[in-house]
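Asks: First, the structure itself, so that you have it in front of you.
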Amino acid sequence: MMGTVHLVDDDPGVRDALAFLLRSRGLAVRAFDGGPALLEALDREGPPKGVFLLDVRMEPMTGTRLHDELLARQLRNPVLFLTGHGDIPMVVEALKKGAFDFLEKPYSDNALADRIEQALAVDAAMQAEGAQAAERSARLASLTEREHEVMTRVAAGKLNKIIADELHVSIRTVEVHRARVFAKLGVRSAAEVATLIAGR
């Protein structure tokens with residue numbers, strides 16, 4: 001399931017129209033009347049799934065200032081800006097800081113919705129990547145100290161006999177630890193161990 005569009009616009013009419021448009025495309029929308037309201041929700045609820053759709057000219061906090069606040073919270077969600085022509089230099093600066101895109105007013109409803117759907121797909125991919133990284137860390141953390149020592153040597157391509165000599169244990173002991181490492185990490189070969197450690 002795709003994430004939510006976190007819409008921030010201090011104009012009630014524009015905010016309601018945008019929320020209606022996006023919901024008509026089957027997207028989940030949370031609308032906020034300004035940056036402080038969004039930040040308060042984030043502080044209360046934690047990192048969200050989805051994308052941020054920010055108007056540039058808002059009071060009391062501009063969209064670009066809000067983007068800076070999101071970056072300060074280390075949020076990687078795609079950010080899209082709605083902007084008037086005079087705001088473009090500000091938004092170009094925001095793009096350099098990692099913003100996903102900006103749409104200049106007046107914008108096409110379909111183009112806006114399509115671009116948001118693309119941003120949501122990017123967020124879903126990043127969330128999946130984050131989940132895989134968390135799972136990898138958990139698997140590695142499940143290893144004992146000795147299993148970790150065996151794992152690093154297996155990943156380096158060392159033979160069981162060499163590992164046994166280095167750790168001053170029997171080959172049979174290395175075989176047992178190696179089997180446990182493979183089982184805990186969910187891998188079947190030394191190459192897979194090396195790939196997992198590298199985080200690829």
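The values are calculated or read from the model by the stated rules, or taken from the named source; none is laboratory data. These numbers come from a predicted model, not from an experiment. Here Cβ is always computed from backbone atoms with ideal geometry, including for glycine, and neighbour counts include all displayed protein chains. Protein only, heavy atoms only, side chains kept; ligands, DNA and RNA dropped before computing areas. Shrake-Rupley method; radii C 1.70, N 1.55, O 1.52, S 1.80 Å.
Asks: For every other residue with a beta carbon closer than 12 angstrom to the beta carbon of V14, add +1 if it is Lys or Arg and -1 if Asp or Glu, then tell me the sum.
Replies: Numbers: positive: R15, R57, K105; negative: D9, D10, D11, D16, D33, D55.
That works out to -3.
Asks: Once you list every other residue whose beta carbon is under 14 Å from the beta carbon of V122, what net charge do they have if Lys and Arg are +1 and Asp and Glu are -1?
Replies: Details: positive: K49, R76, R115; negative: D101, D114, E117, D123, E129.
Result for the local shell: -2.
Asks: Now for a different question. Would you mind getting the accessible area per residue of segment 49-200, heavy atoms of the protein chains only, 1.4 Å probe, in Å²?
Replies: Ligands and nucleic acids excluded, the result is 55 Å² per residue.
Asks: Give a residue-ordered list of calculated ³J(HN,Hα) values for segment 52-67 (Karplus: 6.51 cos²θ - 1.76 cosθ + 1.60, θ = phi - 60°; whole Hz; x for Gly, Pro).
Replies: Coupling constants for segment 52-67: 10, 10, 10, 6, 7, 8, 9, 10, x, 10, 5, x, 5, 5, 4, 4 Hz.
Asks: Taking the Cα-to-Cβ direction at T195 and at A131 and moving 7 Å from each Cα, how far apart do the two end points lie in nm?
Replies: Here the modelled spin labels are 2.0 nm apart.
Asks: Further question: Using only Cα atoms, what is the ratio of the radius of gyration of segment 71-119 to 2.2 N^0.38 Å?
Replies: Its radius of gyration relative to the 2.2 N^0.38 Å reference: 1.17.
Asks: Please name which of H85, P36, G186 has its Cα lying farthest along the dipole of the chain towards the positive end, using unit charges on Cβ (Lys, Arg +1; Asp, Glu -1) and the Cα centre as origin.
Replies: Projecting each Cα onto the dipole axis, the largest value belongs to G186.
Asks: Next question. Can you give me the three principal axis dimensions of the chain from its C-alpha atoms, in Å, biggest first?
Replies: Computed over the chain, the largest-to-smallest principal extents equal 75, 30, 29 Å.
Asks: S189 accessible area, nearest 10 Å², 1.4 Å probe?
Replies: Only protein atoms counted, so the area is about 40 Å².
Asks: About the Cα centre of the chain, how large is the charge dipole given +1 on each Lys and Arg Cβ and -1 on each Asp and Glu Cβ? Please answer in debye to the nearest 20. Mind dumping the intermediate values first?
Replies: Details: 26 positive and 29 negative charges, 272 e Å.
Magnitude of the dipole: close to 1300 debye.
Asks: Another question about this same structure. Amide H neighbours of V5 under 5 Å, at least 5 residues apart or on other chains, H built in the peptide plane: list them.
Replies: Counting only residues 5 or more places away or on other chains, the set is A28, V29, R30, V51.
Asks: Let me know the volume per residue of the alpha-carbon convex hull for segment 77-174, in Å³.
Replies: Details: hull volume 12.7 nm³, N = 98.
Here the figure is 130 Å³ per residue.
Asks: Which lysines, if any, have their Cα less than 28 Å from the Cα of K97, not counting same-chain residues under 8 positions apart?
Replies: Once the sequence-local lysines are set aside, what remains near K97 is K49, K105.
Asks: Starting from the 7 Å offset along Cα-to-Cβ, what nm value, one decimal, do you get for the label separation of F20 and R188?
Replies: My value for the distance between the label points is 5.6 nm.
Asks: On the protein heavy atoms, probe 1.4 angstrom, tell me the percent of accessible surface of segment 1-52 carried by carbon and sulfur.
Replies: Numbers: 1440 of 2650 Å².
Summing carbon and sulfur atoms, their accessible area is 54 percent of the total for segment 1-52.
Asks: Take each of the peptides 5-12, 162-169, 73-80, average the number of other beta-carbon atoms within 10 Å over its residues, and list them starting from the highest.
Replies: Working: 5-12: 20.1, 162-169: 14.9, 73-80: 17.4.
Answer by packing, highest mean first, reads 5-12, 73-80, 162-169.
Asks: For segment 1-107, what class follows from the C-alpha gyration tensor (a ≥ b ≥ c being the square roots of its eigenvalues): rounded when a/c is under 1.5, otherwise prolate if a/b is larger than b/c, else oblate? Could you put the intermediate results ahead of the total?
Replies: Working: a/c = 1.37, a/b = 1.06, b/c = 1.29.
Since a/c stays below 1.5, the shape of segment 1-107 is classed as rounded.
Asks: List the trypsin sites (Lys or Arg not before Pro) within segment 85-146 that DSSP assigns to loop and that have no more than 13 neighbouring Cβ atoms inside 10 Å.
Replies: Details: sites: K96, K97, R115, R136, R139, R146; in loops: K97.
For trypsin sites (Lys or Arg not before Pro) across segment 85-146 that sit outside H, G, I, E and B with at most 13 neighbouring Cβ atoms in 10 Å, the list reads K97.
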